[in-house]
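Here is the structure we will look at, set down as structure tokens.
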Amino acid sequence: MFAGKTEELARRVRRAQVAGHEVLTVAHTLDDRYGAGVLASHSGVEIASRSVDATSGIPGLVSADTRMVAIDEAQFFGPGLVTVVLDLLDSGLDVVVAGLTVTFDGRPFEPLPALMAVAETVVKLTAVCSVCGRDAAYHVRLPDAGNSPGDALVAVPAHVGGTDSYQARCRAHRHA
Ligand SMILES: Nc1ncnc2c1ncn2[C@@H]1O[C@H](COP(=O)(O)OP(=O)(O)O)[C@@H](O)[C@H]1O
Ligand SMILES: Cc1cn([C@H]2C[C@H](O)[C@@H](COP(=O)(O)O)O2)c(=O)[nH]c1=O
């Protein structure tokens, strides 16, 4: 988290739009922090988006004019997103996916690892460790975020949050 994934997704969406391409930006309904129809980064960058509650809702949003599909918070969609993304690519669309690769307890967070394996290009961004300032590929869930969050691999509304619930951490401080 806080690595700039949404900012980078927004940059790519805007760049495609400048080129005159029709872009479909998709988010998951689990994260409704900024309201329906908008994606926002932690720094306040906003882009218009459509929300769906499952991967099966994505293909139906694609129109004949769509050139690019941009998907944020891919970790909320689960492993089924891989097939949908591959089908979109096979139909000739550009697809850009942003999401968390690691859970708050440090495990690989599908579908990102599988998507990274089949992607032509992977950009892995890191945040700034909140303890020491080094590159942070991990995050910790803060004690105030609530007890017993359950399985980190199963996306639920209780896991949704920002600086209120999570901090970015480097390898050395990922358990601190
Ligand atoms: N620990 C941190 N490390 C880096 N950026 C942070 C941190 N905490 C807050 N930020 C802010 O978060 C922004 C990135 O937000 P965002 O694009 O939403 O990231 P992500 O989608 O990876 O969570 C940064 O530009 C910065 O303003
Ligand atoms: C670590 C972790 C985070 N989440 C949630 C928390 C946020 O709502 C999003 C990540 O958003 P960001 O744009 O990358 O900051 O995911 C989660 O569900 N499970 C986790 O393990």
Sort T126, T66, T121 by heavy-atom solvent-accessible area, probe 1.4 angstrom, most to least. T121, T126, T66
Mind grabbing the accessible area of E110 for me, 1.4 Å probe, Å², rounded to tens? 80
Rounded to the nearest 10 degrees, the helix 5-18 long axis (Cα) sits at an angle to the longest Cα principal axis of the chain of 20
Express in Å², to the nearest 10, the accessible area of L9 obtained by rolling a 1.4 Å probe over the protein heavy atoms while all chains stay in place. 0
Would you work out the relative contact order for the chain, in percent, from Cα pairs under 8 angstrom that are 6 or more residues apart? 22
Using only the Cα atoms of the chain, what do you get for the radius of gyration and for Dmax, in Å? 16.0, 50
Trypsin sites (Lys or Arg not before Pro), restricted to region 93-176: which are DSSP loop and have at most 16 other Cβ atoms within 10 Å? K124, R134, R171
Which net charge results when you count Lys and Arg as +1 and Asp and Glu as -1 among the other residues whose beta-carbon is under 12 Å from that of L93? -4
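The values are calculated or read from the model by the stated rules, or taken from the named source; none is laboratory data. The structure presented is a predicted model; accordingly, all values stated were derived computationally and were not measured. Heads up, the Cβs are rebuilt from the backbone with ideal geometry, glycines too, and the neighbour counts pull from every protein chain shown. Just so you know, the surface numbers come from the protein's heavy atoms only, side chains and all, with ligands and any DNA or RNA stripped out. Shrake-Rupley method; radii C 1.70, N 1.55, O 1.52, S 1.80 Å.
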